[in-house]
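Beneath this line is the structure, given in structure tokens, with notes to follow.
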Amino acid sequence: MFIVIVIVTVLTYILPAGQYERIEKDGRSVVDPTSFEFVESTPVGLLEMFSSIHAGMIEGASIILFVFLFGGALGIMQATGALDSFIKFVAVRFGTKEKLLIPLMVLIFASLGTLIGSAEDALVYIAIIVPMTIALGFDALTGFAIVMLGTLATGFISGITNPFNVGVAQSIAELPMYSGMGLRIALLAVFYVVTVLYIYFHAMKVKRNPELGEYGKFRREEHEQLDKNFRMSKRHSAALIILLMNFILLVYGVIKLGWYISEIGGLFLLSGIIMGVIGGLSPSKMANGFISGAGDMVSGALIIGVAQTILVIITSGGLLDTILYYAAGLVEQLPPAINAIGMFIVQLFLNFIVPSGSGQAALTMPIMAPLADLMGVTRQTAVLAFQLGDGISNMIFPTSGVLLAGLAVAGISFTKWVKWVFPYLLIQVAVAIIFLIIAQSIQYGPF
């Protein structure tokens, strides 16, 4: 990532700076597609490049602090022993049915992503699912993929009623809210099958040969060594009931109350303290558990801040709108039959500098919607190209705070993850292109 920081700093001296005017529309700042002009360059100097790291930490502060807060709450929960007890119980209970776990859990997380736009809130499940999959004879990659690929690469991307990508994009494109749902349901079904099969084949390979697995920061446990008569204590059972109530309240808060990472982090801290009291922990043990859990998140939290530095430099150098301008120009030059695919590719790479779904929609759809009109592509197809481009690259770009935070929780290195997930992304790109061809051929609408 530091090499990327150096590259984008050099580009501020090479590429011209540009600027679109922003206008207010329905309470959002959107781009006026007719207002682009080149402006005076503002190249980033050597000292500014390094000081931008501090600015990047500030930009990523909300996610960084959420990671620390969640890590601390998790540390308290782990100190009670309830999570370990639950993992052992599930490993014994699913001893002969562990293959059912993957399709069931992927379906649950995909539903959260596609219906309510779960993203950052999915991070809290990683620390539960990863140790469980390890105890069942799989590895950390299996558990991490169940959560992240299920939520983001299957659910969020298909966006049946996702308010953060499809909802915002359709609103800007002046389409009826959540129109065109039928094709998105089919998209969800295809991505679900691909995700389940990809994770399943990896999990079975690890099951046959545990040495091939990636275990992150978790200790590998042999399922065969578990006590088949294991039972949870009443304290642990009561503590886990609190955790279950926490998740129920979390879903309600996200759907009905509009909760985001501050409320989610506070809810988990409260739940951790209550679990600590029920688990018989003294205040000092709870404090030590919090410090230990937060300490485990330091490296991942710092990486999030460094990744945000890339966006700070691109913005400071005036390159963000220039990149958008040239990207739109490239799409205009493509043959009509593949215009939608061109839009998809542009959105795919723009996601590197604007990893937020709603943020990218607000930035690009004011340009892509009228551009679609000029090229004979329906606006609904332009929205589909946006959501596919935005969603697929979230699983590989280091500027995705959700991805880096999740990897930090699981203790999996970014390079190992990219190597493992890259073939899956190629499959997703192929599926995306097929659906865009279908959308263009049927004049996916209503318009």
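The values are calculated or read from the model by the stated rules, or taken from the named source; none is laboratory data. None of the values given here were measured: they were computed from a predicted structure. As a convention, Cβ positions derive from the backbone with ideal geometry for all residues, glycine included, and neighbour counts pool all protein chains shown. Note: areas computed on protein heavy atoms with side chains; ligands, DNA, RNA excluded. Shrake-Rupley method; radii C 1.70, N 1.55, O 1.52, S 1.80 Å.
Within segment 408-422, the set of residues being out of contact with any Ser or Thr (no Cβ under 7 Å at 6 or more places or on another chain) and touching a residue at least 60 places away in the same chain (Cβ under 8 Å) comprises VAL409, ALA410, GLY411, ILE412, PHE414, LYS416, TRP417, TRP420, VAL421. Selection of segment 242-258 for residues being more than 24 Å from GLY81 (Cβ to Cβ), open to solvent by less than 80 Å² (accessible area, probe 1.4 Å) and either at pLDDT below 80 or among the aliphatic types (A, V, I, L, M) (or both) yields VAL251, VAL254, GLY258.
For LYS285, the conditions (1) more than 22 Å from the chain's Cα centre (by Cα); (2) within 27 Å of GLY137 (Cα to Cα); (3) basic (Lys, Arg) all hold with the exception of (2).
Just to be sure, is SER85 surrounded by fewer than 17 Cβ atoms within 10 Å (Cβ to Cβ), in contact (Cβ under 8 Å) with a residue 12 or more places away in the chain and polar (S, T, N, Q)? When the stated conditions are applied, SER85 does not pass them.
Would you mind stating whether THR322 is more than 13 Å from GLN170 (Cα to Cα) and in contact with a Leu (Cβ under 9 Å, 6 or more places away or on another chain)? Taking the combined requirement at face value, the residue satisfies it. Summed over segment 157-182, the residues that are among the hydrophobic types (A, V, I, L, M, F, W, C), in contact (Cβ under 8 Å) with a residue 60 or more places away in the chain and open to solvent by less than 30 Å² (accessible area, probe 1.4 Å) give a count of 7. Meeting the requirement of 2 or more residues that are β-branched (Val, Ile, Thr), open to solvent by 10 Å² or more (accessible area, probe 1.4 Å) and closer than 28 Å to SER179 by Cα, the helices (runs of 4 or more DSSP H) wholly within segment 342-447 are 414-441.
When segment 278-291 is limited to residues that are open to solvent by 70 Å² or more (accessible area, probe 1.4 Å) and in contact (Cβ under 8 Å) with a residue 60 or more places away in the chain, the one that is farthest from MET1 (Cα to Cα) turns out to be LYS285. For beta carbons closer than 8 Å, sequence separation of 6+ or different chains, a first residue in segment 91-107 that is of a type outside the set (A, V, I, L, M, F, W, C) and open to solvent by less than 30 Å² (accessible area, probe 1.4 Å) and a second that is modelled with pLDDT under 75 and not in a loop (DSSP other than H, G, I, E, B), the qualifying pairs are GLY95/HIS223.
VAL4 falls short on exactly one of the conditions (1) within 17 Å of SER316 (Cβ to Cβ); (2) at pLDDT 90 or above; (3) of a type outside the set (Gly, Ala, Ser), and that condition is (2). Comparison of GLY318, GLY300, GLY293, GLY265 shows that the only residue that is modelled with pLDDT under 90 and either part of a loop (DSSP other than H, G, I, E, B) or in contact with a His (Cβ under 8 Å, 6 or more places away or on another chain) (or both) is GLY318.
Taking the stated definitions as given, is THR151 under 14 Å from GLY357 (Cβ atoms) and open to solvent by less than 20 Å² (accessible area, probe 1.4 Å)? Spelling it out, THR151 is indeed under 14 Å from GLY357 (Cβ atoms) and open to solvent by less than 20 Å² (accessible area, probe 1.4 Å). Restricting attention to segment 118-165, report how many residues are assigned to a loop (DSSP other than H, G, I, E, B) and over 10 Å from the mean Cα position of the chain (by Cα). Residues that pass the stated criteria total 8.
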